[in-house]
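First up is the structure itself, then whatever we jot down about it.
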Amino acid sequence: MIRDTETLNVLLDAVNRFVREALVPAEAEVAETDEIPERIVRGMKDLGLFGLTVPEAYGGLGLTMEEEVLVMLAMGQTSPAFRSLFGTTVGIGSQGILLDGTEAQKAAYLPRLATGELIASFALTEPEAGSDAASLRTTAIRGTDAQGDHYIVNGSKRFITNAPQAGLFTLMARTNPADKGAGGVSAFIVEANTPGITIGPRDRKMGQRGAHTADVIFENCRVPAGQIIGGREGQGFKTAMKVLEKGRIHIAAICVGVAERMQRDALNYAVQRRQFGQPIAEFQLVQAMLADSQAEIYAARSMVIDAARKRDDGQNVATEASCCKLFASEMCGRVADRAVQIFGGSGYVADHGIERFYRDVRLFRLYEGTTQIQQIVIARNLIREATR
Ligand code: COS
């Protein structure tokens with residue numbers, strides 16, 4: 001749903017300009033230094049990117065899902081590491097508060113998230129609980145002392161995006177150790193400066209340099225009882241699933257944007273690069289690669305916009321969100337592979353940036369639910385529908 005085309009177009013124009021003038025020229029520098037320069041973070045804040053999905057009442061832009069998707073398609077036209085900083089904050093990092101938080105929790109945190117003052121992280125994955133998220137072992141045990149009701153959190157989280165920068169964590173932990181499954185899990189808002197939290201060294205990743213992940217270790221970390229999202233125990237896994245459902249549409253949109261960028265770069269190269277006396281774009285085998293990529297990009301773009309519209313319409317889009325993540329991330333991998341192929345030897349060396357995208361996009365098929373998890377979710381939902 002687009003509420004006001006004119007306002008949205010002003011935002012999209014500004015994002016496109018920011019991508020073109022500030023982000024694209026900084027891609028190589030960010031990959032080299034593994035840091036997003038402060039001037040760029042400031043630019044993101046000025047544009048309101050940290051508040052894209054935060055409702056206007058809390059100081060954000062309050063975008064609908066369709067509007068968010070259009071912004072992510074634009075943001076995808078550059079290295080995906082840039083998106084990670086604000087996209088994780090407005091996405092999985094803070095959506096738990098937005099979707100299931102109490103009014104007091106929203107009022108306390110959303111305004112500071114919207115300005116970018118607080119960076120948010122989503123702490124679900126553990127060393128022994130990746131795809132099987134409901135088996136997580138981090139515990140949050142309730143107690144009372146002179147300072148009031150609280151939970152004592154112990155456990156380790158792994159591959160946590162933005163952990164080194166985070167001001168707060170949306171933490172999933174087991175409040176009922178007797179329930180080893182999803183029902184024993186609760187979600188918390190944990191401020192990163194709470195004593196008992198240690199951030200591990202940054203992971204050395206294959207790509208997306210500039211976007212940081214690390215372990216987060218909780219040792220006897222005391223979290224006030226009021227920080228449990230929604231005020232109720234046992235709801236945390238469902239909150240995490242709802243957050244991921246929305247996140248999967250968001251990531252799919254980024255996949256489409258990045259695929260469009262790689263396709264454009266490959267096309268520009270193909271019309272300039274001459275072999276056998278003519279531009280390689282004149283060869284039908286190269287044309288086949290370009291055409292296949294274009295058709296797949298168009299399909300994924302249409303899916304993502306359709307799923308976003310349905311979600312805005314209040315429909316259950318669990319299946320559609322997984323279809324989008326599955327198709328768009330796999331599509332992006334194929335487009336990256338063809339782009340490297342079109343660049344030939346030049347695609348394998350760092351100078352053209354395409355090998356960087358090739359490494360960056362590999363993550364899309366892994367995080368926020370692997371391709372195989374999306375297949376499981378889609379099939380389960382289909383079977384449930386057919387047998388109920
Ligand atoms: N919205 C709301 N509730 C949902 C939901 C959704 N999209 N998906 C599941 N739930 C609910 C279920 O309805 C169920 O509630 P009830 O017990 O009341 O029926 C509960 O959550 C548990 O769901 P389920 O039984 O499907 O849990 P499983 O342990 O079988 O796990 C998968 C399901 C595999 C889908 C889940 O573990 C998953 O998504 N794993 C991947 C995790 C992931 O994406 N990790 C990335 C980390 S973040 S980068």
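The values are calculated or read from the model by the stated rules, or taken from the named source; none is laboratory data. Keep in mind that this is a model prediction, so the values were computed, not measured. Cβ: placed from backbone, ideal geometry, glycine included. Neighbour counts: every protein chain shown. Each accessible area value is taken on the protein alone, full model and side chains, heavy atoms only, with ligands, DNA and RNA left out. Shrake-Rupley method; radii C 1.70, N 1.55, O 1.52, S 1.80 Å.
Modelled this way, with points 7 Å down the Cα-to-C-beta line, the labels at ASN220 and ARG273 are 6.0 nm from one another. Placing unit charges on the Cβ atoms of the charged side chains and taking the dipole of the chain about its Cα centre, the candidate lying farthest along the positive direction among THR387, GLN341, ILE373 is THR387. Using a Förster distance of 25 angstrom, determine the FRET efficiency expected from the C-beta separation of ARG264 and GLU117, and round it to 0.05. With a Förster radius of 25 Å, E is 0.10. Across the options ALA259, PHE18, MET206, the greatest Cα extent toward the positive end of the charge dipole of the chain (unit charges at beta carbon of Lys, Arg, Asp, Glu) belongs to MET206. Its Cα gyration tensor gives segment 238-386 an equivalent ellipsoid; the semi-axes, largest first and in whole Å, are 34, 15, 12.
Scaled against the 2.2 N^0.38 Å expected of a compact globular protein of N residues, the Cα radius of gyration of segment 121-232 reads 1.05. Full extension of the chain segment joining ILE383 with ASP34 gains 121.2 nm, where the gain is 0.36 nm per residue of separation less the Cα-Cα distance. Normalising the Debye intensity of the chain to I(0), with uniform scatterers on Cα atoms only, and taking log10 at q = 0.06, 0.10, 0.14 Å⁻¹ returns -0.23, -0.64, -1.22. Taken about its Cα centre, segment 74-194 carries a charge dipole of about 220 debye when Lys and Arg each add +1 at the Cβ and Asp and Glu each add -1 at the Cβ. Helix 284-312 and the long axis of the chain differ in direction by around 30°, with both axes built from C-alpha atoms. Helix 318-343 and the long axis of the chain differ in direction by around 40°, with both axes built from C-alpha atoms.
At a probe radius of 1.4 angstrom, the accessible area of the chain per residue rounds to 44 square angstrom.
When +1 charges are put on Lys and Arg Cβ atoms and -1 charges on Asp and Glu Cβ atoms, the dipole computed for the chain relative to its Cα centre reaches about 640 debye. Loop-located trypsin sites (Lys or Arg not before Pro) in segment 260-326 (DSSP state other than H, G, I, E, B) with a sparse environment of at most 12 neighbouring Cβ atoms within 10 Å are absent. Candidate cross-link partners of LYS106 among the lysines, defined by an alpha-carbon separation under 30 Å and a same-chain spacing of 8 or more, comprise LYS45, LYS157, LYS180, LYS238, LYS242, LYS246, LYS310, LYS325. Each label was represented as a point 7 Å from its Cα along the Cα-to-Cβ direction; for LYS238 and ASP313 these points are 2.5 nm apart. All C-alpha to C-alpha distances of segment 45-161, sorted into 5 Å bins beginning at zero, yield P(r) values of 2, 10, 17, 18, 17, 15, 12, 5, 2, 1, 0 percent in whole numbers.
Each label was represented as a point 7 Å from its Cα along the Cα-to-Cβ direction; for GLN341 and THR102 these points are 5.7 nm apart.
Mind pulling the angle between the C-alpha long axis of helix 5-18 and the longest principal axis of the chain? Nearest 10 degrees, somewhere in 0 to 90. Between helix and principal axis, roughly 70 degrees.
Across the accessible surface of segment 238-386, with the other protein chains kept in place and a 1.4 Å probe, carbon and sulfur atoms take up 54 percent. About its Cα centre, the dipole of segment 238-386 is roughly 380 debye, where the only charges are +1 on Lys and Arg Cβ and -1 on Asp and Glu Cβ.
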